[in-house]
Amino acid sequence: AGNLRIRSFDKDTIIFRQGEIGERLYIMITGLCYVYYLHPDGREKVKRFVTKGEVVAPYVSCLTQLPSDYGARSLTPCLCLELRHNDFMGLAAKSMSLQMAARRELEMQIIEREKKEYELFMMTAEERYHAFAERHCSILKQIPLKLVASYINIDPATLSRLRQKTES
């Protein structure tokens with residue numbers, strides 16, 4: 001595919017913007033980014049974190065050609081494989097192994113979404129933090145606490161108190 005390339009993003013750089021029509025997907029080679037919804041008042045609500053080997057893309061926007069409901073930003077310097085969505089679809093139509101890899105990625109995202117929904121509806125704030133910390137232990141120290149709090153849907157001050165309670 002002529003539009004396959006390596007892209008680097010510095011720390012705290014927009015990978016794609018909410019409100020823009022998506023046409024590219026990014027496979028994370030190195031680094032850490034997050035996907036977020038941006039409120040009109042400027043607050044970010046974290047949807048998910050993306051690490052090595054995972055895909056970050058405005059999927060629905062790529063498929064519908066409507067503006068994306070969310071954006072993505074690097075937390076650390078990132079190196080990504082960038083591919084136009086249409087090129088990916090063309091390659092996938094010819095490759096069973098690429099279709100299977102794409103299916104596995106989507107299955108993992110469905111599992112992650114189901115876990116997050118369960119945690120939000122069924123767990124206390126403390127239980128959500130512990131579940132997050134356990135599931136994301138390898139990247140936890142790289143994520144600002146305000147983003148962890150946003151992801152698990154609690155106030156940053158509440159998260160700070162929970163962490164103090166846990167450490168004592």
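Data table
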read-out: Any pair with Cβ under 9 angstrom, 6 or more apart, that starts in the stretch 126-145 at a residue that is closer than 16 Å to LEU162 by Cβ and basic (Lys, Arg) and ends at one that is open to solvent by 70 Å² or more (accessible area, probe 1.4 Å) and not in a helix (DSSP H, G or I); value: ARG128/ASN153
read-out: Spans of helices (runs of 4 or more DSSP H) in the stretch 82-168 with at least 2 residues among the acidic types (Asp, Glu) and open to solvent by 40 Å² or more (accessible area, probe 1.4 Å); value: 96-122, 125-135
read-out: Conditions (1) in a loop (DSSP other than H, G, I, E, B); (2) at pLDDT 95 or above: number failed by LYS47; value: (1)
read-out: Output for the stretch 61-81, where each listed residue is closer than 20 Å to LEU38 by Cα and open to solvent by 90 Å² or more (accessible area, probe 1.4 Å); value: GLN65, LEU66, ASP69
read-out: Given (1) touching a residue at least 24 places away in the same chain (Cβ under 8 Å); (2) not in a strand (DSSP E or B), index of the condition PRO40 fails; value: (1)
read-out: Which numbered condition TYR36 misses (of (1) open to solvent by 50 Å² or more (accessible area, probe 1.4 Å); (2) at pLDDT 95 or above; (3) on the phi < 0 side of the Ramachandran plot); value: (1)
read-out: Filter result (out of contact with any strand residue (DSSP E or B) (no Cβ under 6 Å at 6 or more places or on another chain) and under 14 Å from LEU25 (Cβ atoms)) within the stretch 89-117; value: MET89, GLY90, LEU91, ALA92, LEU98, ALA101, ALA102, LEU106, GLN109
read-out: Residue check, ARG48 open to solvent by 60 Å² or more (accessible area, probe 1.4 Å) and basic (Lys, Arg); value: no
read-out: Identity of the residue in the stretch 25-36, in a strand (DSSP E or B) and in contact with a Phe, Trp or Tyr (Cβ under 7 Å, 6 or more places away or on another chain), that ends up nearest to ARG84 (Cα to Cα); value: LEU25
read-out: Any hit, the stretch 3-12, residues being open to solvent by less than 80 Å² (accessible area, probe 1.4 Å), in a loop (DSSP other than H, G, I, E, B) and within 27 Å of PRO156 (Cα to Cα); value: no
read-out: Residue count, the stretch 78-114 (criterion: among the polar types (S, T, N, Q) and touching a helix residue (DSSP H, G or I) at 6+ places or on another chain (Cβ under 7 Å)); value: 1
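The values are calculated or read from the model by the stated rules, or taken from the named source; none is laboratory data. In this text, all values refer to a predicted model and were calculated from it rather than measured experimentally. Glycine gets a Cβ as well: all are built from the backbone with ideal geometry, and neighbour counts include every protein chain shown. Accessible surface areas use protein heavy atoms only, side chains included; no ligands, DNA or RNA. Shrake-Rupley method; radii C 1.70, N 1.55, O 1.52, S 1.80 Å.
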